[in-house]
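Below is one structure, written out as structure tokens; the observations come after it.
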Amino acid sequence: MAKIGRSGAVRKHKKGASVGTGGHGRKSLEGKGPTPKAEDRTYHKAHKNKVLAERAAAKRAGGDTRAPRRASGPKGRATEEFVTGRNSVVEALRAGIPAKTLYVAIRIDVDDRVKEVLKLAAERGVPILEAGKPELDRLTEDAVHQGLALQVPPYDYADPYDLAEETIEAWRKGHIANAPLFVALDGITDPRNLGAIIRSVSAFSGHGVVVPERRAAGMTAAAWKTSAGAATRVPVARAGNLNNTLKAFREMGIFVLGLDGDGDVSLPGLELATEPICLVVGSEGKGLSRLVREHCDQIVSVPIDSAMESLNAGMAVAISLYEVSRRRSAT
């Protein structure tokens, strides 16, 4: 038995042919045209290489090669956080952590720490606002604030490619004495490790730190605090893909050196110390990832006593930077 549909087409159940679509279904068979070239597909590696080549050509022609800044928060949302508690707030202000607003509880019990916090905030021009306890609880998500909360603005990350290009150009023009020196973090999730590494990079005349965008520590209040103010002097760049960034660094003439216990080269025998280099350090447990190792020119090990299994990432970077600095000063 046949049925007539709304369009007037006659269709049969089960057995027997049905009336066609009148050609309307041909579009689904025509496809979407030829496959775009690899360099025209934004997700493809060839596209990224094309962009790098275009930026290099624009730079040679005197154009502007700076890329837009990435948003500090996930998926483009800026994120802000609060330093809470009297001791933490006073230490944050002493360390020079960027501050947006200081919230003080109404009728707070003033002690020496509160007096110092108010004094430091006034000296730095940080706005001071009074707030009730319910408002402070809401802002800090019920953290123990003791009547004080310091709002920290989102960190403005540098672009890793711009940072590398500008540093290389400054070195070639003689504006900086030492060859470019960067540290990249692979799988470091503790912001205190990031802060300690920034502090070491500053101490040994490094030019920047590179962190991955995902599954990695960022510039939080804890990182600012651990850096002891060094984060105001050392730029931190965020890489969308660390492996692609390391590959681009190598194309710029920067040697990528991975730090690992079973390295090809021992740190005292590092002949590349005086060249432009980027030291890459992995997490204490997992070390360098497989793909990152493949993008390294050398794997360098820090000689330690056999009874010690491994070094903390911050300690390994500090020792390596000292050796690089020592070799550079000797030339």
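Remark: the T331-D137 segment gains 64.1 nm on full extension, using 0.36 nm per residue and subtracting the alpha carbon distance. Take the Cβ atoms of K173 and Y322, set R0 to 41 Å, and the FRET efficiency comes out at 0.90.
Relative to the current alpha-carbon distance between K115 and D305, full extension at 0.36 nm per residue lengthens the span by 63.5 nm. For region 76-199, the carbon plus sulfur part of the accessible surface works out to 48%, probe radius 1.4 Å. Estimated from the Cβ-Cβ distance and a Förster radius of 35 angstrom, the FRET efficiency linking L272 and A228 is about 0.75.
Can you give me the accessible area per residue for region 235-331, using a 1.4 Å probe, in Å²?
For region 235-331, the per-residue accessible area is 47 Å².
For region 185-304, the equivalent ellipsoid derived from the alpha-carbon gyration tensor has semi-axes of 22, 16, 15 Å in decreasing order. The orientation-averaged shadow of the Cα convex hull for region 117-231, equal to a quarter of the hull surface, comes to 9.4 nm². Remark: region 97-169 carries 53 Å² of accessible area per residue (probe radius 1.4 Å; ligands, DNA and RNA excluded). For region 72-176, lysine pairs separated by 8 or more sequence positions, or belonging to different chains, with Cα-Cα distances below 28 Å total 6.
How would you classify region 227-287 from its alpha-carbon gyration tensor, with a ≥ b ≥ c the square roots of the eigenvalues: rounded for a/c under 1.5, else prolate if a/b is greater than b/c, otherwise oblate? Rounded, because the longest to shortest axis ratio a/c is under 1.5.
With K and R counted +1 and D and E -1, the other residues having a Cβ less than 9 Å from that of L242 yield a net charge of -2. Based on the alpha-carbon gyration tensor of region 94-135 and its eigenvalue square roots a ≥ b ≥ c, which shape applies: rounded if a/c is under 1.5, prolate if not and a/b is larger than b/c, or oblate? Here region 94-135 falls in the oblate category. Overall shape: oblate for region 176-236, with the ratio a/c of the largest to smallest alpha carbon gyration tensor axis at 1.5 or above and b/c at least equal to a/b.
The values are calculated or read from the model by the stated rules, or taken from the named source; none is laboratory data. What you are looking at is a predicted structure, and each value in this text was computed from that prediction instead of being measured. Positions of Cβ are generated from backbone atoms using ideal geometry, with glycine treated the same way; all protein chains shown enter the neighbour counts. SASA here: full protein model, heavy atoms, side chains in, ligands and nucleic acids out. Shrake-Rupley method; radii C 1.70, N 1.55, O 1.52, S 1.80 Å.
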